[in-house]
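Chemist: Let me give you the structure first, and then I'll get to my questions.
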Amino acid sequence: MSIEVKNVNKRFGDFVALDDVSVSLPTGQLTALLGPSGGGKSTLLRIIAGLDSADSGSISIEGTEATHLPPQKRNIGFVFQHYAAFKHMSVAKNVAFGLEIRKRPKPEIERKVAELLDLVHLSQFANRLPAQLSGGQRQRMALARALAVEPTVLLLDEPFGALDAKVRKELRDWLRRLHDEVHVTTVFVTHDQEEALEVADEIVVINQGRVEQVGTPDQLYDAPANDFVMSFLGDVTTLGGELIRPHDIEVDVVPGEPGAIEGSVSRVLRIGFEVRLTVLTDEGEVVTVELTRTNARRLGIAEGSRVYLSAVRGATRV
Amino acid sequence: MANHSAAVGRRSPALTWGLRILVVGYLLMLVLWPSWYVVQHTFADGLTGIQTALQDPDVQHALLLTAQVSVLAVLINLVFGVGVSLLLVRYDFPGRRALSALIDLPLSVSPVVVGLALVLVYNGRYGWFGPWLEAHGIQIIFSWPGMVMATCFVALPLIVREVVPVLEELGDDQEQAARSLGASGWQTFSRITVPGIRWAIVYGVVLSLARSLGEFGAVKVVAGNVAGETQTATVLVQQKYQNFEQTTAYSVSFLLAFAAVLCLIVVALLRPKASKESP
Amino acid sequence: MIWFSVLVLIPLAAIVVKASGGGWHTYADTFSNSQTLDAIKLTVGTSLLVTALNMVMGTIIAWVLVRDRFPGKALLDLVIDIPFALPTIVAGLVLLSLYGADSPLGLHFANTRSAVFLAIAFVTLPFVVRTVQPVLEEMETDVEDAAASLGASRAVTFRRIVLPTLVPAIFAGASLSFARGISEYGSLVLLSGNLPHHTEVTSVRVMSYLEGGNTAAAASVATILLVVALLAIVALDVIARRVARRDGRDG
């Protein structure tokens, strides 16, 4: 196991940021720490990096006990949400920094920097200052800088949080492809479930300082361990007191299934090929149902229609 | 964002304490301890030192004169300072940058040079405008107008430097809105602009006051140091000390220092309130 | 609004007047006066030394004020401003009480060159501190964390990351400190003894010329002071930009 976190606790005054967190992050894998803001994921990442210290518990990286090691000695690469670019140095100098610290010979540094700038497609900006780059470019520079020292682990703290939607998507794909090429153990923090689902090999869901579930994107989506994971990773609605995905609900205009719940349609929204129904059940539940347009038309559903709702066979329910 | 790196191994207690001791030690030896001694000298015989000093008619006159000159200078600088700030921030004109640089000039000029400059222009006998003004009954040098001018000069930048950044940050959106609603220039100024910059004005005024009370070199040159007539408190301190009336010198110094520190405390106390109010 | 600018120009014109009040031969005479020359050397030399000290101490003080936390720190902040607000003559008395003839520490600096150094150090204390402080406050610790994650020790981080950012502010403060230093008058009047050729500073020299009725000489010395101040400000600006450039552009 590449990174072992054991029984880590961290408080800030009265606020408990991490509550007895233990998790193992495999070597060579791209793992996401996913959760709502303030949930503790950034804190955990920073503790792994050594940029914050845990109150108790231990961290080991590639078998080495790292709990009391300063960040300089952990051989990590860290990418910050707001880039943390060295503003007074050129892009090339930024990337070269870690190598210069390690007193590598100049020709080696030049070669590595050129290689990395090529990898992140910033070769033509080598002599520019960070202020002259766009946000996305600055983040790519930050990545190159972190990779230059050949870290054991690459840690990214909401790396695309400060960028606009389009750039975020581009960089997301790009990070995935980069990882496939370079294969360094990578951990990144995000609050965007779409990002985690798209990019990560494995996701650790963290909420209120605790690990809710660890698993692949499919596992988390199809077999959520609890309410929180289910609602965080996708749309949910309540049917018969249980959480269920709106597209997993079968709608009929005649009472067919035993146990089907009766209600009437209070609102019909057409969005592209999807139709979203808001149904008020006789028991007073408000249920959101998603179905295809074709289906809706076939059933002849309109506002006020009486409908009978039941779960699709094999639907995920919590 | 946090201003203190929390990384593992980041804080070396030895270095932290070393720096603290260095700084505190330096400030102690340079400022605190000597200042404490002035207080000690002043109150060496309890309050009698100050009482005797206050009974000296020269002292009374000097303190009164200092107060009058300072208040007048501060008022003039207030009007002028706010005006110039508005001019610099809201209007564009050739030479604006030069003006801005010139406003800072008084901070770098020796007070004696200030006094000299004023004397050369306004001296009754050989100045540029001096003879003309005196022929019309206006005496600048060796009289209070000169002292007010000298004090104005040295404290000139203080209000401007406080008000300009605030004016820039405020932007003129609100003023434009007011004008679009029909407010006249004066109404816009008094109801919109002034409330926005009022804390900056207060700091500027207080700092100006401290500076004006303390002015020494320029005033000495311009006023001629005639005891009981054109001697300000600061000039009095020098004279008393050199005449071996040291207790009086220390007492008056203490009063001046006390006023200056009071100004600093007022500003320090008001700053947090101001930042709570800012947009 | 235009009339406001006229009000500014009157005193400023006075300075120009003073400058022309000299005449060329007066400059030559003034320069050849050895007492004046010594005063200028003393003033400029001491101010340079004090400025160098301030650049170091000022940065350290600003660092402690921004980065450290301990009870009474706010008081220290206030203390820094005292030299700025205190009347200069009082500053002289203040220093005299600890370092003068009656010094309890046995440090008798009055009437020595050390007194000149001391007084100038006192009045210029706030300048570098106050220009560096806001820059330090604005600095995010992200970049320092980044440097640490890349392997830089604290010393290297300070030297290569923090200091370059502070350089412009340090030099700006140094300009102010130097200009203030060479202009100082009030605190030196009592403390330095104004011994000709030894502890007499330039402003005192101007004063004696004035009191002696020699306004032309006074004006020429004053001009020299202004020119020196201007040169220093320009030089420091150039140096600051040179230093900042060195770290950035290669590679």
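The values are calculated or read from the model by the stated rules, or taken from the named source; none is laboratory data. The structure presented is a predicted model; accordingly, all values stated were derived computationally and were not measured. Quick reminder, even Gly has a Cβ in these numbers, built from the backbone with ideal geometry, and neighbours come from all protein chains shown.
Chemist: For region C:165-209, name all the residues that are at the interface with another protein chain (Cβ under 7 Å from one of its Cβ atoms) and either polar (S, T, N, Q) or surrounded by fewer than 22 Cβ atoms within 10 Å (Cβ to Cβ) (or both).
Modeler: Listed by number, the residues that qualify are C:THR165, C:SER183, C:SER203.
Chemist: Another question about this same structure. If A:PRO258 satisfies all but one of (1) more than 30 Å from A:LEU33 (Cβ to Cβ); (2) surrounded by fewer than 19 Cβ atoms within 10 Å (Cβ to Cβ); (3) touching a helix residue (DSSP H, G or I) at 6+ places or on another chain (Cβ under 7 Å); (4) not acidic (Asp, Glu), what's the number of the condition it fails?
Modeler: Failing condition for A:PRO258: (3).
Chemist: Going by the structure shown, is A:GLU212 charged (D, E, K, R) and farther than 30 Å from A:ASN9 by Cβ?
Modeler: no
Chemist: Something else about it: Looking only at region B:226-254, count how many residues are modelled with pLDDT under 85, part of a helix (DSSP H, G or I) and touching a Ser or Thr at 6+ places or on another chain (Cβ under 9 Å).
Modeler: 1
Chemist: Give all pairs with beta carbons closer than 7 Å in which a residue from region C:82-96 that is more than 7 Å from every other protein chain (Cβ to nearest Cβ) and closer than 14 Å to B:SER208 by Cα meets a residue that is modelled with pLDDT under 85 and surrounded by fewer than 24 Cβ atoms within 10 Å (Cβ to Cβ); count only pairs at least 6 apart in sequence or on separate chains.
Modeler: none
Chemist: Just to be sure I understand the filter: pairs with C-beta atoms under 9 Å, separated by 6 or more residues or on different chains, first member in region A:127-147 and in contact (Cβ under 8 Å) with a residue 40 or more places away in the chain, second member in a loop (DSSP other than H, G, I, E, B) and among the β-branched types (Val, Ile, Thr). Which pairs pass?
Modeler: Hits for this filter: A:MET141/A:VAL120; A:LEU143/A:VAL120; A:ALA144/A:VAL120; A:LEU147/A:VAL120; A:LEU147/A:VAL184.
Chemist: Do the conditions hold for C:ALA229, that is, is it part of a helix (DSSP H, G or I) and within 9 Å of another protein chain (Cβ to nearest Cβ)?
Modeler: Spelling it out, C:ALA229 is indeed part of a helix (DSSP H, G or I) and within 9 Å of another protein chain (Cβ to nearest Cβ).
Chemist: Pick from region B:39-96 the residues that are among the hydroxyl-bearing types (Ser, Thr, Tyr) and within 14 Å of chain C (Cβ to nearest Cβ): which of them is surrounded by the fewest Cβ atoms within 10 Å (Cβ to Cβ)?
Modeler: Top of the filtered list is B:TYR91.
Chemist: Then there's this: For region A:235-318, which fully contained strands (runs of 3 or more DSSP E) count at least 2 residues that are charged (D, E, K, R)?
Modeler: Fully inside region A:235-318 and qualifying: A:249-252, A:261-271, A:274-281.
Chemist: Oh, and also: Name the one entry in C:PRO134, C:PRO104, C:PRO164 that is over 27 Å from C:LYS41 (Cβ atoms) and part of a loop (DSSP other than H, G, I, E, B).
Modeler: C:PRO104
Chemist: Among the residues of region C:18-47, which ones are at pLDDT below 70 and not hydrophobic (A, V, I, L, M, F, W, C)?
Modeler: Within region C:18-47, C:LYS18, C:SER20, C:GLY21, C:GLY22, C:GLY23, C:HIS25, C:THR26, C:TYR27, C:ASP29, C:THR30 meet the criteria.
Chemist: Among the residues of region A:22-35, are any free of Cβ contacts under 8 Å to residues at least 12 places away in the same chain and within 24 Å of the chain's Cα centre (by Cα)?
Modeler: no
Chemist: Another question, then. Could you check, for region C:141-163, whether at least one of its residues is more than 21 Å from the chain's Cα centre (by Cα), hydrophobic (A, V, I, L, M, F, W, C) and facing chain B (nearest Cβ under 9 Å)?
Modeler: Within region C:141-163 (the criterion being more than 21 Å from the chain's Cα centre (by Cα), hydrophobic (A, V, I, L, M, F, W, C) and facing chain B (nearest Cβ under 9 Å)), the answer is yes, since at least one residue qualifies.
Chemist: Condition first: among the basic types (Lys, Arg) and assigned to a helix (DSSP H, G or I). Can you find one or more residues in region A:175-193 that meet it?
Modeler: yes
Chemist: Sticking with this one: Among the residues in region B:110-117, are any surrounded by fewer than 20 Cβ atoms within 10 Å (Cβ to Cβ) and within 7 Å of another protein chain (Cβ to nearest Cβ)?
Modeler: no
Chemist: Could you check how many residues of region A:80-100 are out of contact with any Phe, Trp or Tyr (no Cβ under 8 Å at 6 or more places or on another chain) and either within 14 Å of chain B (Cβ to nearest Cβ) or not in a loop (DSSP other than H, G, I, E, B) (or both)?
Modeler: 11
Chemist: Condition check: part of a helix (DSSP H, G or I), at pLDDT below 95 and aliphatic (A, V, I, L, M). Does A:LEU163 satisfy that?
Modeler: no
Chemist: OK, next. Listed residues C:ALA229, C:ALA222, C:ALA152, C:ALA216; which is out of contact with any Asp or Glu (no Cβ under 6 Å at 6 or more places or on another chain), over 21 Å from B:GLY217 (Cβ atoms) and among the hydrophobic types (A, V, I, L, M, F, W, C)?
Modeler: Of C:ALA229, C:ALA222, C:ALA152, C:ALA216, the one residue that is out of contact with any Asp or Glu (no Cβ under 6 Å at 6 or more places or on another chain), over 21 Å from B:GLY217 (Cβ atoms) and among the hydrophobic types (A, V, I, L, M, F, W, C) is C:ALA152.
Chemist: Hey, another quick one. Could you tell me whether region B:200-223 includes any residue that is surrounded by fewer than 21 Cβ atoms within 10 Å (Cβ to Cβ) and modelled with pLDDT under 85?
Modeler: Scanning region B:200-223 turns up no residue that is surrounded by fewer than 21 Cβ atoms within 10 Å (Cβ to Cβ) and modelled with pLDDT under 85.
Chemist: Which residues, counting only those in region A:258-295, are more than 18 Å from A:THR238 (Cα to Cα) and either of a type in the set (Phe, Trp, Tyr) or in contact (Cβ under 8 Å) with a residue 40 or more places away in the chain (or both)?
Modeler: A:PHE273, A:ASN295
Chemist: Let me ask something additional. Among the residues of region A:54-73 satisfying the criterion of being in contact (Cβ under 8 Å) with a residue 40 or more places away in the chain and not in a strand (DSSP E or B), which is farthest from the other protein chains (Cβ to nearest Cβ)?
Modeler: Among those that are in contact (Cβ under 8 Å) with a residue 40 or more places away in the chain and not in a strand (DSSP E or B), it is A:GLU62.
Chemist: Could you tell me whether B:ASP45 is over 30 Å from B:ILE197 (Cβ atoms) and at pLDDT below 80?
Modeler: yes
Chemist: Hey, among the residues in region B:212-266 that are free of Cβ contacts under 8 Å to residues at least 12 places away in the same chain and at the interface with chain C (Cβ under 9 Å from one of its Cβ atoms), which one's farthest from C:VAL204 (Cα to Cα)?
Modeler: Result: B:ILE265.
Chemist: Of the numbered conditions (1) of a type outside the set (Ser, Thr, Tyr); (2) part of a helix (DSSP H, G or I); (3) within 14 Å of chain A (Cβ to nearest Cβ), C:ALA119 satisfies every one except a single condition; which is it?
Modeler: (3)
Chemist: Sticking with this one: Is it the case that A:VAL214 is under 15 Å from the mean Cα position of the chain (by Cα), buried (at least 18 other Cβ atoms within 10 Å of the Cβ) and in contact (Cβ under 8 Å) with a residue 24 or more places away in the chain?
Modeler: So A:VAL214 fails the test.
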